[in-house]
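A short worksheet on the structure shown next.
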Amino acid sequence: MKENLNFIYHIPTRILFGPGSLEKLRYEKLPGKKALIVISSGGSMKKLGYLDKLIDILKNLKIEYVVFDKILPNPIKKHVMEGTQIAREEDCDFVIGLGGGSSIDSAKSIAIMVKNDGDYWDYIVGGTGKGKPIKNPVLPIVAITTTAGTGTEADPWTVITNEETNEKIGFGNQYTFPTLSVVDPELMLSVPPHLTAYQGFDAFFHSVEGFIANIANPISDLYALKSVELIAKYLPICVKDGKNLSARTYVALANTLAGFVESTSSCTSEHSLEHALSAYYPELPHGAGLIMVSEAYHTFFASKVPERYIQLARVMGVDVDSLPPHEKPFAFVKAMKKLQEDCGVGNLRMSEYGIKEDEIEKLADNAIKTMGGLFERDPYKLSFKETVEILKRAYK
């Protein structure tokens, strides 16, 4: 792949990173006087005391707040519109996403809609979205991440599912970067092992895809390779010992670096394929779906841009130079599979989530129609037949 020396660097987010960073929020100037706090419906933010800590900080800063607590693991358009209505009625002038990627993504989408009319899907590009321009300002966004997976604290992207049409589509622009983000690994110590693995692999694939994408550039490459290196080294430790704050901090750093990759490069069609799976089967965790697709997907692409996969294998600790030439690109796939096994997620099955093999063509069609833009970022142009074949090879 020819090196791309053209890029736009624009990451306007102020990031408070490291253990204890939530407390540093007390000394920040927040971007408004009344916040809509967006959290998940699962109750963990309340049970773990994170919501109370945030509320205490807001009270000390004399900032009013309203809590919206309906967000699902795969967030849906209905809740974006419901949160928007509450923010309007309560005169909220900024939005705080507290939790994982689903809460922060929902906060971004709500921030778009508070001052813009119509339905959220009016502004979505792809699928049945109408692609209308956002004419009015986006509310300022504060992201407080309690997971290490999506990198959404360091990029402009938000992924929402239209539950009426089974379309899961990413969206964002220069105005949907968080104004301020808090990445405090102490808030990640309670994430259970399987979710730690799923989230870590989401960050892993953001970086891997950003590295093989045809718009990868020297800046995104720096972030991507370091992110992959850190996840390969520290994610198994986090899965085995979730209270290891040092390992959690390195994986959190890898995740934020993956967000930088998303801001300077792009995902590829691997994410489009997963979005199709979890659009129809919302109980499927996004990271788990990516793991299911990954071996077939990267085995296919390793021969298309071998030099990129050799570099990825090398930062994962593989002695690539000792291998025969024809094996070198595929060393990454072996290292990736070993990493999945070390994290206890090496044998995930689509069939366990109800996905049927005879649905594969429908899923491939959905991926292309809803997230076709990411297919344009592939280093090789997939045909529909090849897309179907990748999913068939991934199916078990």
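The values are calculated or read from the model by the stated rules, or taken from the named source; none is laboratory data. Since the model is a prediction, treat every value here as computed from it, not as a measurement. Positions of Cβ are backbone-derived with ideal geometry, glycine not excepted, and every protein chain shown enters the neighbour counts.
Residue by residue, here is whether (1) under 29 Å from TYR198 (Cβ atoms); (2) free of Cβ contacts under 8 Å to residues at least 24 places away in the same chain holds:
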{"residue": "TYR9", "(1), (2)": "no, no"}
{"residue": "PRO19", "(1), (2)": "yes, no"}
{"residue": "ASP52", "(1), (2)": "yes, yes"}
{"residue": "LYS59", "(1), (2)": "no, yes"}
{"residue": "LYS70", "(1), (2)": "yes, no"}
{"residue": "LYS108", "(1), (2)": "yes, no"}
{"residue": "ASP117", "(1), (2)": "no, yes"}
Does SER278 fit the bill of being within 17 Å of ASP378 (Cβ to Cβ) and either of a type in the set (Asp, Glu) or modelled with pLDDT of 95 or more (or both)?
-> no
Is it the case that ASP378 is of a type in the set (Asp, Glu) and crowded, with 20+ Cβ neighbours inside 10 Å?
-> yes
Which of the residues spanning segment 352-375 are free of Cβ contacts under 8 Å to residues at least 40 places away in the same chain and either surrounded by 18 or more Cβ atoms within 10 Å (Cβ to Cβ) or over 13 Å from ALA276 (Cβ atoms) (or both)?
-> GLU352, LYS356, GLU357, ASP358, ILE360
If you go through GLU262, GLU295, GLU327, GLU307, the only one that is among the charged types (D, E, K, R) and without any contact (Cβ under 8 Å) to a residue 40 or more places away in the chain is GLU327
Conditions (1) touching a residue at least 12 places away in the same chain (Cβ under 8 Å); (2) surrounded by fewer than 22 Cβ atoms within 10 Å (Cβ to Cβ); (3) touching a helix residue (DSSP H, G or I) at 6+ places or on another chain (Cβ under 7 Å); (4) over 20 Å from TYR198 (Cα atoms): number failed by THR387 | (2)
Among the residues listed as GLY49, GLY42, the single one being in the same structural domain as ASP155 (by TED's automatic domain parsing) and at pLDDT below 95 = GLY42
Per the filter on segment 229-248, residues acidic (Asp, Glu) and in a loop (DSSP other than H, G, I, E, B) are ASP241
Out of the residues in segment 119-140 that are in contact with a helix residue (DSSP H, G or I) (Cβ under 6 Å, 6 or more places away or on another chain) and without any contact (Cβ under 8 Å) to a residue 40 or more places away in the chain, state the one that is surrounded by the most Cβ atoms within 10 Å (Cβ to Cβ).
-> VAL138
Are any of the residues in segment 141-155 crowded, with 24+ Cβ neighbours inside 10 Å, more than 14 Å from THR256 (Cβ to Cβ), touching an Asp or Glu at 6+ places or on another chain (Cβ under 7 Å) and at pLDDT 95 or above?
-> no
Could you pull out the residue among GLU389, GLU376, GLU352, GLU341 that is assigned by TED's automatic domain parsing to the domain that holds SER265 and either hydrophobic (A, V, I, L, M, F, W, C) or within 30 Å of GLY131 (Cβ to Cβ) (or both)?
-> GLU376
Residue set LYS369, LYS328; condition over 18 Å from VAL293 (Cα atoms), out of contact with any helix residue (DSSP H, G or I) (no Cβ under 8 Å at 6 or more places or on another chain) and among the charged types (D, E, K, R); output residue LYS369
Residue that is closer than 22 Å to TYR297 by Cα, in contact (Cβ under 8 Å) with a residue 12 or more places away in the chain and of a type outside the set (D, E, K, R), where the choices are SER190, SER227 = SER227
Kindly indicate the residue of segment 264-290 that is hydroxyl-bearing (Ser, Thr, Tyr) and in a helix (DSSP H, G or I) and also farthest from PHE177 (Cα to Cα) among those meeting that condition.
-> TYR280
Just give me the residues in segment 54-69 being surrounded by fewer than 17 Cβ atoms within 10 Å (Cβ to Cβ) and more than 20 Å from ALA111 (Cα to Cα), in sequence order.
-> ASP56, LYS59, ASN60, LEU61, LYS62
Might you let me know whether segment 256-263 holds any residue that is surrounded by 24 or more Cβ atoms within 10 Å (Cβ to Cβ) and either more than 30 Å from GLU3 (Cα to Cα) or at pLDDT below 95 (or both)?
-> no
Just give me the residues in segment 269-283 being among the hydrophobic types (A, V, I, L, M, F, W, C) and in contact with a strand residue (DSSP E or B) (Cβ under 7 Å, 6 or more places away or on another chain), in sequence order.
-> ALA279
